[in-house]
Amino acid sequence: MIAIPEQGQDWPALKQALLEAKARDYSWKRGRMAVFFYYLDEALERIQQEAYMTFWTENNLGQRAFPSLARLEGEVVQMGLSLMQAPEGAGGTFTSGGSESIFLAMLAAREKARVAQANIVIPDTAHLTFDRAAWYLGMEVRRVPVAADRRSDVAAMAAAMDANTVALVGSAPNYPFGGIDRIAELGALATERGVWLHVDACVGGFLSPFLSRLGVPLPAWDFSVPGVTSISADIHKHGMAPKGASLLLLRDAALKAHHRFESKAWARGMYVAHTAQGTRPGGAVAAAWAVMNHLGQAGYLDCARRIMQARATIAAGVVALPGLEVLPGNHAILVYRSTDPALEIGRVATALDARGWLVSRQQEPDGIHLHLNPLHAEVAEEYLADLRDAVAEARAGAAPAMAAGRAY
Ligand SMILES: Cc1ncc(COP(=O)(O)O)c(C=O)c1O
């Protein structure tokens, strides 16, 4: 077991040790992974770091002490609400990530409905965070098979509901395939049954509006759709902020009361929190605020353009290889698979991995999953060159097959 050293060491040696530890990781800065990272360029990286360091240790729980953070957080929430076409009277909360935004949405839905043995009804392409949230919150999850186009089957979801259903969920887009669910139909169903509809736009919240401006045809998914109660949107994904930044947005700010904790049941007086976290990093708020104001809508549009360029280049290169097929899609998530029994995609994955690319394996269907970032436009040709070699190696049967089964 490792103990804290008796005597501390100097920073230069520790820094060296950290850099050495990092050296064996996959290189996100060279675009070698299509999961876990979101990167534009070194200029934005410096802004993220400097903004974070400006508030590097301020505690965002203490907004009485740091009114600056209350203001910055409020502005970030307002920018998110405006982007997602929220009506007057809407509100939101800055959280640590998509998981926390979803947890709080499911808590609020449960607390608003207050039924015994609550359940949530979700398409089976929804993120497993909903199952985690339901597990924490003591709710049942009803995963409903999607339609043939891998988007929500709203009639089947309606059939899965009962008097104890407290929330419906749609993804915009879902993580496995990048499809946007039938949010308009889900909104109508939610309105008819009087239940909460949460739209998980953790991936798409800060990208879809700009894809639409580029002319990519996407179904409506935001607060412009009647019946949408809440939206989760991650600033630390396509909002391009460093980790620890997401939004839970609510059509009606009064709904925040349902995920508000308040108690005086101890010797220290009133404690109030709208988040699962107590102490919260001020740096995450400052960095998100700086990135949003620095990129502006023009910067986000440029990110969207680069992602679509990466998608077009990679998709064209993949289908040019006999035996490979790209699943239908038009978002940042690109999935391809083998249609040739003599070409095992697991072997392609192993051979790509050996060339330094972190491969994310898809199952059902067996394939390879990419979540594209602006940086991928620059490395798309390198990726395709390695993919061509990997396919040749897989066809020769040289590489063993990497098993599917881990999403990340
Ligand atoms: C669609 C979707 N929802 C929720 C999450 C969870 O977000 P986080 O990892 O920030 O907690 C993810 C993460 O990839 C996601 O893709």
How big is the antiparallel share of DSSP beta bridges in the chain, given as a percent to the nearest 5?
-> 60 percent
In what order, largest first, do Arg114, Arg32 sit by accessible area if the probe radius is 1.4 Å?
-> Arg114, Arg32
Using a 1.4 angstrom probe on heavy atoms only, work out the carbon and sulfur share of the accessible area of the stretch 48-294 in %.
-> 55 percent
Got a number for the accessible area of Glu364? Probe 1.4 Å, square angstrom, nearest 10.
-> 150 Å²
Which chymotrypsin sites (Phe, Trp or Tyr not before Pro) from the stretch 208-282 combine a DSSP loop assignment with at most 13 other Cβ atoms within 10 Å?
-> Trp266
Would you be so kind as to identify which of Phe66, Val146, Tyr271 lies farthest towards the positive end of the dipole of the chain, taking Lys and Arg as +1 and Asp and Glu as -1 on Cβ and the Cα centre as origin?
-> Tyr271
Solvent-accessible surface ranking, highest first, for Thr125, Thr313 at 1.4 angstrom = Thr313, Thr125
Solvent-accessible surface (1.4 angstrom probe) belonging to Lys15, in square angstrom, nearest 10 | 100 Å²
For the pairs Lys112/Lys237; Lys22/Lys256; Lys15/Lys243; Lys29/Lys256, note any where the Cα-Cα span goes beyond 31 Å.
-> Lys22/Lys256; Lys29/Lys256
Any idea what the dipole of the stretch 48-294 comes to, in debye rounded to 20, about its Cα centre with Lys/Arg Cβ at +1 and Asp/Glu Cβ at -1?
-> 460 debye
Averaged per residue, what accessible area in Å² does the chain show with a 1.4 Å probe, protein chains only?
-> 46 Å²
Asserting the computed 222 nm helical MRE of the chain (DSSP H runs at least 4 long, -39500 (n - 2.57) per run, divided by residue count, to nearest 500) equals -13000 deg cm²/dmol
Could you let me know the centre-to-centre spacing of the stretch 139-186 and the stretch 5-36, using Cα atoms, in angstrom?
-> 41 Å
Simple Cβ-charge dipole of the stretch 251-408, Lys/Arg +1 and Asp/Glu -1, about Cα centre, in debye nearest 20 = 920 debye
Sorted by accessible area with a 1.4 angstrom probe, largest first, how do Asp149, Asp25, Asp353 fall?
-> Asp25, Asp149, Asp353
For the stretch 297-395, the percent of accessible surface on carbon and sulfur atoms (probe 1.4 angstrom, ligands and nucleic acids excluded) is 51 percent
Residue (of Gly367, Leu301, Trp289) at the positive-pole extreme of the stretch 272-408, dipole from beta-carbon charges | Trp289
Working from the pairwise distances between different alpha carbons, so that the mean of 1/r is found and then inverted, what is the stretch 297-395's Kirkwood radius in Å?
-> 13.6 Å
For Ser27, distant residues with modelled amide H under 5 Å away | Arg32
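The values are calculated or read from the model by the stated rules, or taken from the named source; none is laboratory data. Everything numeric here is computed off the predicted structure, so don't read it as measured data. Here the Cβ is made from the backbone with ideal geometry for all residues, glycine too, and neighbour counts use every protein chain on show. All accessible areas refer to the heavy atoms of the entire protein, side chains included, with ligands and DNA or RNA removed. Shrake-Rupley method; radii C 1.70, N 1.55, O 1.52, S 1.80 Å.
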